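The values are calculated or read from the model by the stated rules, or taken from the named source; none is laboratory data. Keep in mind the model is a prediction, meaning the values are calculated, not measured. Heads up, the Cβs are rebuilt from the backbone with ideal geometry, glycines too, and the neighbour counts pull from every protein chain shown. Only protein heavy atoms, including side chains, enter the accessible area calculation; ligands, DNA and RNA are left aside. Shrake-Rupley method; radii C 1.70, N 1.55, O 1.52, S 1.80 Å.
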Amino acid sequence: MEQLLSQIFVGLSIGSILLLVALGLTFTFGQMGVINMAHGEFIMAGAYTTYVLQQALGDGATATAFLLAIPVALVVAGTMGLLLEVLLIKRLYGRPLDTLLVTWGVALILQQAARDIFGAQNVEVKSPGWLDGGTTLIGVDVAYNRLFIMALAVAATAGAWYVVSKLKQGRRMRAVMQNRQLAAASGVKTASVDRRTFFLGSGLAGVAGVALTQLGSVGPTLGTNYIIDAFLVVVAGGLGKLRGAVIAAVVLGLCNSLIEYWTEASLAKVIVFALIVAFLQFRPQGIVAQETRGLA
Amino acid sequence: MNTSTDTTGAAKAAPAGGTGTPGPGWFKRRVIGTKADVVPRITFAVVAFLLIVVAPGMLTAFRLDLLAKYLVFAIVAVGIALAWGRGGMLVLGQGLFFGLGGYVMAMHLQLADAGPGEKPMFMSLTGASDLPGLWEPFRSPVFTLVMVVALPMAVATLLGLLVFRSRVRGPYFAILTQALAAAFVILLVGQQDLTGGTNGLTVSTFFGLDLAKNSDKLTLYFIVLAVLLVVFLIARQMVKSRYGQLLVAVRDGEDRVRFLGYSPTTVKVVAFATAAGMAGVAGALFVPIVGIISPTSLGIVPSIEMVIWVAVGGRVSMAGAIAGALLVNFAKTELSEAMPSGWLYAQGLLFILVVAFAPRGLAGVGDWWRENRDRFDRFRPGARTAAPASGAAAGEGA
Amino acid sequence: MATGLLCAVGMFATGCAGDDDTTTASSTSGGNTIKVGVLHSLSGTMAISEVSVKDSELLAMEEINAKGGVLGKKLEPVIEDGASDWPTFAEKAQKLISQDKVAATFGGWTSASRKAMLPVFERNKSLLYYPVQYEGLEASPYIFYTGATTNQQIIPALEYLKEQKKTKTIYLVGSDYVFPRTANKEIKAWAKANGMKVLGEEYAPLGSTEFSTIVNKVKAAKPDAIFNTLNGDSNVAFFKQLEGAGLPSSKLPVVSVSVAEDEVRGIGASKVKGQLVAWNYYQTTKGATNDAFVKAYKAKYGQKRVTDDPIEAGYVGVKLWAAAVEKAGSTDPEKVKAASKGLTMDAPEGKVTIDGENQHIYKTARIGVINDKGLIDTVWESKGPIKPDPFLKTYPWAEGL
């Protein structure tokens, strides 16, 4: 029983990581239909931002640097996303597959740039003292860094939800997503909305990057390891649906941890992939479907 | 080689040379060729001459080996051009099928090396006592050769039936194939006792050819060349047939095709499975040329690289895809010898520039010339219907 | 469209027209230099580890050149990138041998890359110096193994656990690839013969950072120690999650065989302080030769850089080859091989001797503890260099492996 509870906690923790890395994608991919393969590299940029801040502020300010990294990474990754949108993606709307390939090229370049700037070696991001160690809750070991990531995921999701459903900007975003021409005709500046959406989505990737520094080391390929999982979360959850993404991330996290517990890590990943493919057979539009009169 | 007009999707114009259905004068068009056919045919002859006579005569054994490897990649590229360029299905997981073909072949070659009743070398490392049942049938060369093509095609057909029927398409399909390639790699690595794990499988002979001998390598080179020719002709025939028109129609307006009473699922599955079969054949030939097949050649990154070749060469043109595979791999070898990290920048940049600004790739250069020539050719009826330059962007699956 | 194809083939042909037509095996090159190959991953996932080894090999060549070179000729390194891709290793090895005609090649890291290169070197009768500890069960006549085989690293580590730490039960954790799986087979055989109980065996996909489940399983099994064969990258996440689960080194010691000083830099010393590692060389190893080596390495590549076992093994490989060439009076591989038999040298790790039989080298086993500066202090070392035994022939329990 204790074991099961532990695994459920692990599952929730994996789910929160998946949610964090996929959250930005629900904007760029879900809302705008842009498959941004460089999303993983924005995550990496967020992680390196943490590292740079820690180096700049010195050993005494590890915790300050870490907390400061969250907003800074949002801006850094967001700005990178904005540049990408303005310089390349804007020209490719309506060509989703080409966008995918072009952003893959961008990802390659960013990865190699990180390798040349920071070295091929992984770098260490120090954890603030209060994130080291853990505690025991009803017989389950709970690591503080995992709790922190869960809290961050919840906060980021809440923030994203607030922007989308309460702010004017969010209303415009939804309008553009549902019917671009009609939104434009109603006076919404779609190009500007696109830029902001992309900034937000990419910025959230940066925030995810900050969180990931607490799990492993930071290296040029950090983001690549998560990109496929992140896309699968969005696809399984239903495009552009925050609620869907949350459900999908948690379910996938739980599946992963429980299957891994009964089998082994490699097999668990394969089984989860297979489950997603099977699920999409029954619900190709994902868990939470966009209402549409389209054919597919 | 393809003429300009059959590269332009639904805007396909019947009057241009070479692609017409049998009718009055088809003999002249097909066999003698119209004016538009002359340039490609001369080029074809020159390329064939270069590959058959010049390359084996001039290149060192090492370089010829490399060229053979590029030609193997060109086989994959033809398949991708068919599925992606013609069918609008962005296949980001061709590494899966390449790997299936490669592993099937490598299993047989390892068993052949080991001799009857023996088990392959690598199994002494993993300590397996008996030959796993999965390996046993691959002792037979005939079974192996059949499976090289049949296994990837079967997997692709099954997958295609599932996925296309539930109308998963465009980017979703792309991500799904990518995830499958990733899962396949994890599976290969995890089942070390069966597959050799990350080490992969190494081979030293190929149906009696000694891969250390230069003369035998030359034979292998010609085998690859012949297979590439066959694959190219199959793809070209498919593209030129009514099926090819249907495939393009599905790409450009799947729902319309459905309303006309065709099954887009079947049309797409055929192209997808053919591409998979070609990747399988390429994988099988890759094994003796490089001497090893391992998960590193099949994952997400190699699978996307395969798409890069086709994008650079021109996704709708079979010959363009071949040229792209040769050029990009040649550049990779040369550049990575000169400056390892430079290649990654170059590759990324090349990709961005080609896909964003020249979606028709190298093939687009030839097309541009032909279109502009057509513009001045007042005496050719139907010349004005030649597609606008934006036609290739229709390579998008909706 | 055919123009593109034409131009592709044309470019290829002209690009290669300058090549020699001969493809004979390497021999002493003409002129005043001897070309040697350096073949490591400079890009891709393995670059993390291999770049440092490339650096130390170049350092060794520079030192040799500063002393007048080999046979009066300067060494000219030809550097190639294996790109963390095994077929590329095979291809570049072939290129170094047949096109650059190198006298010997130094390179490889993963077992997979070595297995890919092995047939190339055997076919061309050219020499490869491989600098990393590995799973054993191999002795190619054209490869010199300057890293440890299992009986010089893993078995001493197990014996240390049994004798010094009174360990009764262990748990095996490793990355999912050949070295950990094969090493664990050997460990299980050893444990069975030595009354130690293996409570479980878990593998994480390469590069994985999710170890919660594995840590949970370990915790439930309550072993006395963990034997860790995880690859560099995953160690960070693994140690962090062990710590998070309330299992610091004082409660559950971990013996690692793939974590050296260079990896500790990426993990962070605070996470692995007090953990055990098993190697044959540490930066802190005593001796004038090592002091000079560490000083030269840091002077060339920066004070922040550290030396470790594979870095040293790469360096020693170059020096051993050079010594053998001087002794043989030729770079001919067969003569170098003959001259290498029993060749002894004073290396940073102490006295090393090439075993003529399997071309591995005698090495001293050392168990170390990671200190808070990220360096490793030796806590135990074998009495003198251990004879390499890649096939574990002298160990009765290893029969049937």
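Looking at segment A:49-56, can you tell me whether even one residue there is under 16 Å from residue A:227 (Cβ atoms), within 12 Å of chain C (Cβ to nearest Cβ) and buried (at least 18 other Cβ atoms within 10 Å of the Cβ)?
Taking every residue of segment A:49-56 in turn, none turns out to be under 16 Å from residue A:227 (Cβ atoms), within 12 Å of chain C (Cβ to nearest Cβ) and buried (at least 18 other Cβ atoms within 10 Å of the Cβ).
Do you know which residues across segment C:70-97 are more than 8 Å from every other protein chain (Cβ to nearest Cβ) and of a type in the set (Phe, Trp, Tyr)?
C:89
Does any residue of segment A:269-277 turn out to be within 13 Å of chain B (Cβ to nearest Cβ) and touching a residue at least 40 places away in the same chain (Cβ under 8 Å)?
yes
Picking from A:94, A:81, which residue would you name as being in contact with a Phe, Trp or Tyr (Cβ under 6 Å, 6 or more places away or on another chain) and not hydrophobic (A, V, I, L, M, F, W, C)?
Answer to the check: A:81.
Might you check whether a residue that is outside any strand (DSSP E or B), among the polar types (S, T, N, Q), touching a helix residue (DSSP H, G or I) at 6+ places or on another chain (Cβ under 6 Å) and within 14 Å of chain A (Cβ to nearest Cβ) occurs anywhere in segment C:237-251?
yes
Could you tell me whether any residue of segment C:97-112 is part of a strand (DSSP E or B) and in contact with a helix residue (DSSP H, G or I) (Cβ under 6 Å, 6 or more places away or on another chain)?
Yes, segment C:97-112 contains at least one residue that is part of a strand (DSSP E or B) and in contact with a helix residue (DSSP H, G or I) (Cβ under 6 Å, 6 or more places away or on another chain).
Within segment B:198-242, how many residues are within 20 Å of residue C:120 (Cβ to Cβ) and outside any loop (DSSP other than H, G, I, E, B)?
Going through segment B:198-242 one residue at a time, the tally reaches 17.
Looking at residue A:151, is it at pLDDT 85 or above and under 30 Å from residue A:3 (Cβ atoms)?
So residue A:151 passes the test.
From the set of residues in segment A:257-268 that are part of a helix (DSSP H, G or I) and facing chain B (nearest Cβ under 10 Å), which is surrounded by the fewest Cβ atoms within 10 Å (Cβ to Cβ)?
It comes out as A:267.
Would you mind finding the one in C:206, C:137 that is surrounded by fewer than 23 Cβ atoms within 10 Å (Cβ to Cβ), in contact (Cβ under 8 Å) with a residue 24 or more places away in the chain and within 14 Å of chain A (Cβ to nearest Cβ)?
Matching residue, one of C:206, C:137: C:206.
Determine whether segment B:117-132 contains at least one residue that is under 28 Å from the mean Cα position of the chain (by Cα) and closer than 27 Å to residue C:138 by Cα.
No, that holds for no residue.
Pick from segment C:215-232 the residues that are more than 14 Å from chain A (Cβ to nearest Cβ) and not in a strand (DSSP E or B): which of them is surrounded by the most Cβ atoms within 10 Å (Cβ to Cβ)?
Looking at the filtered set, the residue picked out is C:223.
I'd like to check something: does segment B:249-271 contain any residue that is surrounded by fewer than 23 Cβ atoms within 10 Å (Cβ to Cβ) and either basic (Lys, Arg) or under 30 Å from residue C:124 (Cβ atoms) (or both)?
So far as segment B:249-271 goes, yes, one or more of its residues are surrounded by fewer than 23 Cβ atoms within 10 Å (Cβ to Cβ) and either basic (Lys, Arg) or under 30 Å from residue C:124 (Cβ atoms) (or both).
Within segment B:285-296, does at least one residue satisfy the condition of being more than 11 Å from chain A (Cβ to nearest Cβ) and at positive phi?
So far as segment B:285-296 goes, yes, one or more of its residues are more than 11 Å from chain A (Cβ to nearest Cβ) and at positive phi.
Among the helices (runs of 4 or more DSSP H) lying completely within segment B:245-348, list those that include at least 3 residues that are under 30 Å from residue B:146 (Cα atoms) and among the basic types (Lys, Arg).
none
Scan segment C:36-92 for residues that are part of a helix (DSSP H, G or I), among the aliphatic types (A, V, I, L, M) and in contact with a Ser or Thr (Cβ under 7 Å, 6 or more places away or on another chain) and report the count.
1
Name the residues in segment B:318-374 that are within 11 Å of chain A (Cβ to nearest Cβ), under 21 Å from the mean Cα position of the chain (by Cα) and at pLDDT below 80, would you?
Of everything in segment B:318-374, just one residue is within 11 Å of chain A (Cβ to nearest Cβ), under 21 Å from the mean Cα position of the chain (by Cα) and at pLDDT below 80, namely B:359.
With respect to residue B:327, determine if the residue is open to solvent by 20 Å² or more (accessible area, probe 1.4 Å), in contact with a Leu (Cβ under 8 Å, 6 or more places away or on another chain), over 13 Å from residue B:98 (Cβ atoms) and touching a residue at least 24 places away in the same chain (Cβ under 8 Å).
Here the answer is yes, as residue B:327 does meet what is asked.
Give C:172, C:158 a once-over and let me know the one that is within 22 Å of residue C:395 (Cα to Cα), more than 17 Å from the chain's Cα centre (by Cα), at pLDDT 90 or above and away from every other protein chain (no Cβ under 14 Å).
Going through C:172, C:158 in turn, just one is within 22 Å of residue C:395 (Cα to Cα), more than 17 Å from the chain's Cα centre (by Cα), at pLDDT 90 or above and away from every other protein chain (no Cβ under 14 Å): C:158.
Hey, any hits in segment A:133-140 for a residue that's within 21 Å of residue A:44 (Cβ to Cβ), over 19 Å from the mean Cα position of the chain (by Cα), in contact (Cβ under 8 Å) with a residue 24 or more places away in the chain and within 14 Å of chain C (Cβ to nearest Cβ)?
For segment A:133-140, residues within 21 Å of residue A:44 (Cβ to Cβ), over 19 Å from the mean Cα position of the chain (by Cα), in contact (Cβ under 8 Å) with a residue 24 or more places away in the chain and within 14 Å of chain C (Cβ to nearest Cβ): absent.
Answer with yes or no whether residue A:74 is under 18 Å from residue A:40 (Cβ atoms), open to solvent by 20 Å² or more (accessible area, probe 1.4 Å) and in a helix (DSSP H, G or I).
In short, yes.
Hey, could you check segment A:57-71 for residues that are under 18 Å from the mean Cα position of the chain (by Cα) and of a type outside the set (Gly, Ala, Ser) and say which is surrounded by the fewest Cβ atoms within 10 Å (Cβ to Cβ)?
Only one residue fits best here, namely A:71.
Let me confirm something: among B:157, B:198, which residue is modelled with pLDDT of 90 or more, of a type outside the set (A, V, I, L, M) and out of contact with any Lys or Arg (no Cβ under 7 Å at 6 or more places or on another chain)?
Going through B:157, B:198 in turn, just one is modelled with pLDDT of 90 or more, of a type outside the set (A, V, I, L, M) and out of contact with any Lys or Arg (no Cβ under 7 Å at 6 or more places or on another chain): B:157.
Within segment A:1-8, identify whether any single residue is open to solvent by 30 Å² or more (accessible area, probe 1.4 Å) and not in a helix (DSSP H, G or I), and answer yes or no.
Among the residues of segment A:1-8, at least one is open to solvent by 30 Å² or more (accessible area, probe 1.4 Å) and not in a helix (DSSP H, G or I), which makes the answer yes.
Going through C:192, C:166, C:197 one at a time, which residue ends up being open to solvent by 10 Å² or more (accessible area, probe 1.4 Å), closer than 22 Å to residue C:214 by Cα and not polar (S, T, N, Q)?
C:197
Taking segment C:272-317 as the region of interest, how many residues are among the β-branched types (Val, Ile, Thr), assigned to a loop (DSSP other than H, G, I, E, B) and closer than 23 Å to residue A:216 by Cβ?
1
For segment B:183-193, give me each residue that is open to solvent by 50 Å² or more (accessible area, probe 1.4 Å) and either part of a helix (DSSP H, G or I) or hydrophobic (A, V, I, L, M, F, W, C) (or both).
B:187, B:193
Suppose we filter B:161, B:145, B:82, B:180 for residues that are open to solvent by 20 Å² or more (accessible area, probe 1.4 Å) and within 23 Å of residue B:315 (Cβ to Cβ); which single one remains?
One residue alone meets the criteria, B:180.
To keep it simple, each residue is scored yes or no on (1) over 22 Å from residue B:331 (Cα atoms); (2) among the aromatic types (Phe, Trp, Tyr); (3) facing another protein chain (nearest Cβ under 8 Å).
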site	(1), (2), (3)
B:47	no, no, yes
B:62	no, yes, yes
B:68	no, no, no
B:93	yes, no, no
